[in-house]
Amino acid sequence: MDFPWIPLFFNFLLLAIVLFVCRTINASHGKLLWNGALIYFVFCFLAMVLDFTLTMVFASAIFHDHTQYESVASRTAWSGRVLVYLIPCAVSLVMALRFRKRQRFAGSPVRADGGSAVRGEPSSVAAS
């Protein structure tokens, strides 16, 4: 079995396009709103499920129709294609988790001294 490098490259290219579009949208809004890696993960997972479903539909076809789709409609053919889905899905899942961590830290501002100087309250040293 030869490893399908071209479909893997195509999936990573789609991941890069989704990340670029979502990063551009986030930059235009000035906030971290769109998690492109998570969006890609959902679509990649749906594609994997649909590919499996269609493979099983064509694999269960009658014998005359089955010979026409034998190279792509078998469990062994799908098991060769599953890596093309799983590798980008795993990468996008890791990137989505990193995005969530950045999104959490971007939403909570850090206060150095408890915020008393920020609110304009006089401190006890300045009052005396």
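The values are calculated or read from the model by the stated rules, or taken from the named source; none is laboratory data. Please read all numbers here as calculations on a predicted model, not as lab measurements. Backbone-built Cβ (ideal geometry, glycine too); neighbour counts: all protein chains shown.
If we scan region 15-29, do we find a residue that is touching a residue at least 60 places away in the same chain (Cβ under 8 Å), surrounded by 11 or more Cβ atoms within 10 Å (Cβ to Cβ) and either at positive phi or out of contact with any His (no Cβ under 6 Å at 6 or more places or on another chain) (or both)? Yes: one or more hits.
Within region 82-99, residues that are touching a residue at least 24 places away in the same chain (Cβ under 8 Å) reach partners that are surrounded by 13 or more Cβ atoms within 10 Å (Cβ to Cβ) and among the hydroxyl-bearing types (Ser, Thr, Tyr) with beta carbons closer than 7 Å, at six or more positions or on different chains, in the pairs SER92/TYR40.
Filtered by the rule that a residue be closer than 22 Å to LYS101 by Cα, part of a helix (DSSP H, G or I) and among the polar types (S, T, N, Q), region 3-60 gives THR24, ASN26, SER28.
Per-residue answers, yes or no, for (1) modelled with pLDDT of 90 or more; (2) surrounded by fewer than 11 Cβ atoms within 10 Å (Cβ to Cβ):
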position: MET1; (1), (2): no, yes
position: LEU32; (1), (2): no, no
position: ILE39; (1), (2): yes, no
position: VAL42; (1), (2): yes, no
position: MET56; (1), (2): no, no
position: LEU83; (1), (2): no, no
position: SER92; (1), (2): yes, no
position: ALA96; (1), (2): yes, no
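Quick check: anything in region 60-78 in contact with a Phe, Trp or Tyr (Cβ under 8 Å, 6 or more places away or on another chain), at pLDDT below 80 and hydroxyl-bearing (Ser, Thr, Tyr)? Yes, region 60-78 contains a residue that is in contact with a Phe, Trp or Tyr (Cβ under 8 Å, 6 or more places away or on another chain), at pLDDT below 80 and hydroxyl-bearing (Ser, Thr, Tyr).
So, PHE41, is that one in contact (Cβ under 8 Å) with a residue 60 or more places away in the chain, in contact with a Pro (Cβ under 9 Å, 6 or more places away or on another chain) and either within 15 Å of ILE87 (Cβ to Cβ) or of a type outside the set (A, V, I, L, M) (or both) or not? Walk me through how you get there before you give the answer.
Numbers: in contact (Cβ under 8 Å) with a residue 60 or more places away in the chain: no; in contact with a Pro (Cβ under 9 Å, 6 or more places away or on another chain): yes; either within 15 Å of ILE87 (Cβ to Cβ) or of a type outside the set (A, V, I, L, M) (or both): yes.
For PHE41, the condition - in contact (Cβ under 8 Å) with a residue 60 or more places away in the chain, in contact with a Pro (Cβ under 9 Å, 6 or more places away or on another chain) and either within 15 Å of ILE87 (Cβ to Cβ) or of a type outside the set (A, V, I, L, M) (or both) - is not met.
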